[in-house]
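Quick notes on the structure that follows.
Just so it is clear, none of the values below were taken in a lab; they were calculated from the coordinates. As the structure is a computational prediction, the values presented were derived from the model and not from experiment. Don't worry about glycine lacking a Cβ; one is built from the backbone with ideal geometry, like all the others, and counts go over all protein chains shown.
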Amino acid sequence: MTSASVNPPYGLVANLNGERHKPALGFFAFIVVAHWAEHIAQAYQVYVLNWPLPEARGVLGLPFPWLVTSEWMHYGYALLMLIGLVLLRRGFTGRSRTWWNISLGIQVWHHFEHFLLLMQVIIGANLLGGPTPRSIIQLLVPRLELHLFYNAIVFVPMVVAMLLHRKPNSQERATMACACAPERVS
């Protein structure tokens, strides 16, 4: 049995990391940046416009306030982010894979924190008997600032990975299955 028959070069994951890697990364990046924009808008509302935190709901949260208070929505995004990082991982090689893995590792923790928040809502009991659901790090850092931080430390290595992926060295280029990097001009 050859390695090609063990890991066939077709299927959803192979397609997303081969010929569809570039558009898949673009779509994923759009979702991540839109989510980032929501957090930045909420921080702007609190720190620049001096809105009380319950009224600072980002852009989508203004017409749809339930979005901000829904742990299901927050957990869903954390899960979507984790799935995206896992599904698109195979397309990265060398240095870009290292940075993508860093982003993935941080997102695993971020996902765990959201899972913990969701479980508190489902069970009806808050961490350490607190008045609201809280994550572990949220015991030390307020939620608004914590989620800005989490999104930044997941986003930055993800962007570094994408930039390195678009400019691979010759070894990395030789192992790439996608066309994300522009052809070299000699």
Under unit Cβ charges (Lys, Arg +1; Asp, Glu -1), what dipole magnitude, rounded to 20 debye, does the chain have relative to its Cα centre? 620
Alpha carbon convex hull of region 11-175, volume per residue in cubic angstrom: 124
Please state, rounded to one decimal and in Å, the Kirkwood hydrodynamic radius that region 99-139 gives when every pair of distinct Cα atoms enters the mean of 1/r. 10.9
Kindly provide the GluC sites (Glu not before Pro) of region 100-175 that DSSP labels as loop, not H, G, I, E or B, and whose Cβ sees at most 15 other Cβ atoms within 10 Å. none
Note, ³J(HN,Hα) from phi for region 161-174, Karplus 6.51, -1.76, 1.60, rounded to Hz, x at Gly and Pro: 4, 5, 5, 5, 5, 7, 10, x, 7, 5, 5, 5, 4, 5
Each residue of region 122-138 in order: what ³J(HN,Hα) in whole Hz does its phi give by Karplus 6.51 cos²θ - 1.76 cosθ + 1.60, θ = phi - 60°, with x for Gly and Pro? 5, 6, x, 10, 8, 3, 6, x, x, x, 9, x, 9, 8, 5, 5, 5
